[in-house]
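The numbers here are math on the coordinates, done by the rules we state, and not lab data. It should be emphasised that the depicted structure is a prediction, and the values quoted were computed from it without experimental measurement. Cβ placement follows ideal geometry from the backbone for every residue including glycine, while neighbour counts extend to all protein chains displayed.
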Amino acid sequence: MVAADPTLKCVVCYARISFDGRVKDAHGVEDQHRDMTGNAKKFNWLVVYRYTDNDKSASKETVVRDDFEQLLSDLTVGTTPEGYPIHGVMAANDDRLYRRPSDWERYLKAFSAHEDRVYHDSNGIQDLYAEGFEIKGLVGVAMSLSETRKKQRRTRNSHRSRALRGQPVAAWRPFGWQDDKITLDPVESRAIRQAVDDVLAGASISEITRRWKEAGYLTSRGNLFQYQSVKQVLINPRLCGYRELKGELVRDGDDQPIVGTWEAIITPKKWYAITAKIRERGHGSGLPRGGLVHKYLLTGIMRCGNVLEDGTTCNNKMTGVKANDWLKYRHGYLCKKTVDGGCNRTYKRGDKTDEYIERLVIAKLKAEAEAAREEVPEWSRADDLERAVQSRKALEQRWQKGEIDDEAFFRNLPPLETRIKELRADQAHHLALKAEAEAAREDVTASWGDKTLTQKRTAIKKVLHAVIAVPGGKGNKAFDVELLKPVWRSGG
Ligand SMILES: [Zn+2]
């Protein structure tokens with residue numbers, strides 16, 4: 001093929017993806033190769049070999065780039081490992097090839113070991129044999145070196161360093177604070193504190209959203225709150241003075257979270273608790289679960305205990321229904337006839353039923369709170385976390401000193417990071433447990449009245465499987481609590 005077409009040139013492509021420890025290179029290796037292959041076609045060049053170095057930074061002295069070395073030796077010999085002649089080289093960008101003067105010199109020497117070679121990069125086709133190109137290349141190297149350094153400095157000076165100094169970095173006034181982003185807004189911060197307590201006690205984010213909408217609160221961008229924006233406010237570590245960057249708390253050299261200069265709204269402990277609570281509920285979908293807000297306390301919790309003609313119990317879930325206008329009470333529970341069954345025979349007046357079940361549940365919760373009084377033990381894995389953090393620190397130091405190469409560093413880093421992440425999640429979970437145990441100790445009776453309907457339903461479902469309602473007590477007969485049979489959850 002090569003012999004038949006004298007204009008056809010066999011070229012090799014070089015791609016490299018760098019990994020600076022934080023951000024994956026935007027252009028993946030495949031993208032680079034795809035672009036180069038596309039360009040080769042335009043010039044009637046044939047790509048006969050692809051060299052690829054992965055995760056290696058060309059500007060670090062200690063790094064050996066295997067395929068780059070292979071390329072140099074193949075260029076010198078004149079053929080690819082399979083024996084194709086090399087008439088030219090393509091690179092996505094010249095800084096993919098070299099970032100250090102010594103690399104550039106070696107590359108140029110290997111390239112010009114043979115005559116009439118072509119070279120192409122993002123600057124187009126270039127004549128590497130031309131007089132002065134050696135200098136031009138060196139200048140390029142120098143510029144790209146300074147670019148690398150500048151980039152490193154820039155990231156060091158940006159968000160992270162501001163965050164490390166504990167200074168606010170938000171572009172907008174955060175909800176809860178005044179324009180200086182430091183002083184609390186009395187009304188908004190109170191609303192947040194209340195919402196955190198309510199969610200910890202079982203309120204749904206949908207309920208908070210509705211409340212904030214009704215109150216006319218606006219997000220920092222001037223919109224009414226939606227489910228997502230409320231959720232974001234509530235899990236923001238800023239609430240307790242912490243700062244998050246890319247999903248991780250910003251920590252100082254001793255691995256302690258940096259505390260900002262702004263006033264905090266809640267304690268870190270509460271923030272851990274609320275974050276754990278919301279995440280565990282969210283199941284990753286980020287959407288309100290169910291989306292259904294019940295109107296009556298015991299809908300779905302009440303079950304019909306009517307014995308049918310065939311001797312079985314109906315056991316249908318009862319529905320809350322509006323009571324007739326002439327009655328003294330507002331709602332009732334009915335075993336509605338549906339496609340799934342339902343005998344339409346059992347009905348209970350709502351006020352008395354709710355009152356009785358609430359009384360039972362409060363008594364039960366009180367007993368449980370007593371039992372929860374025994375302390376949640378201290379977190380037992382603090383030493384493990386400390387050790388893992390120290391190991392990572394040591395690894396980073398050895399890498400920075402050049403005692404280990406990038407390959408070893410990036411091979412050893414991920415398992416350590418995973419372990420630290422896992423331990424921190426466990427720690428957060430433990431803190432949440434502790435906060436929950438503490439919350440359980442507050443007076444159940446006093447707080448019950450302040451609970452929203454969803455909070456009450458959550459509390460009820462935590463201790464009760466169901467309430468079986470046996471028909472009877474209709475009409476003028478007195479309401480008979482004996483006809484309501486709670487089914488308690490075991491272990492409670
Ligand atoms: Zn029934």
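Of note:
- If you sort the three axes of the alpha carbon gyration tensor as a ≥ b ≥ c, you get a/c of 1.5 or more for the range 314-359 and a/b no higher than b/c, which makes it oblate.
- Gain on full extension, evaluated as 0.36 nm per residue between residue 391 and residue 218 minus their Cα-Cα distance, stands at 57.8 nm.
- In this structure, the amide hydrogen of residue 47, modeled 1.01 Å from its nitrogen in the peptide plane, lies closer than 5 angstrom to those of 11, counting only residues at least 5 positions away or on a different chain.
- Put the Cα centre of the range 103-117 next to the Cα centre of the range 418-432 and the gap is 54 Å.
- With neighbour counts taken as other beta-carbon atoms within 10 Å, the residues 262, 379, 326, 488 rank, fewest first, as 326, 488, 379, 262.
- Selection from 301, 339, 382, by position along the positive dipole direction of the range 271-430 (Cβ): 339
- Each residue of the range 450-456 was assigned a 3J(HN,Hα) from its phi angle through the Karplus curve 6.51 cos²θ - 1.76 cosθ + 1.60 (θ = phi - 60°); the sequence is 7, 6, 7, 4, 5, 4, 5 Hz, with glycine and proline shown as x.
- Gyration tensor (alpha-carbon) shape descriptor, the range 166-282, a/c threshold 1.5: oblate
- Charge-dipole axis of the range 166-282 as Lys and Arg at +1 and Asp and Glu at -1 on Cβ define it, positive-most pick from 220, 206, 268: 206
- For the range 348-358, Karplus couplings with θ = phi - 60° (6.51, -1.76, 1.60), whole Hz, Gly/Pro x: 10, 5, x, 4, 5, 4, 4, 4, 5, 5, 4
- Listed pairs 213/328; 231/366; 295/337; 295/352; 213/322 exceeding 22 Å between Cα atoms: 213/328; 231/366; 213/322
- The range 329-364-the range 221-252 distance, computed between alpha-carbon centres (Å): 41
- Gyration tensor verdict on the range 301-377 (Cα atoms; rounded if a/c is under 1.5, prolate if a/b is larger than b/c, oblate otherwise): oblate
- Mean sequence separation of contacting Cα pairs (under 8 Å, at least six apart), scaled by the length of the range 166-282, corresponds to a relative contact order of 28 percent.
- Simple Cβ-charge dipole of the range 382-440, Lys/Arg +1 and Asp/Glu -1, about Cα centre, in debye nearest 20: 100
- Rough spin-label spacing in nm, given labels placed 7 Å along Cα→Cβ, for residue 398 and residue 7: 5.8
- Here the mean projected area of the convex hull built on the C-alpha positions of the range 382-440 is 4.2 nm².
- The order of 192, 17, going from fewest to most other C-beta atoms within 10 Å of their C-beta, is 17, 192.
- Footprinting exposure proxy for 213, 328 (fewest neighbouring C-beta atoms within 10 Å first): 328, 213
- Under-5 Å amide H pairs with residue 245, H placed in peptide plane, nonlocal only: 250
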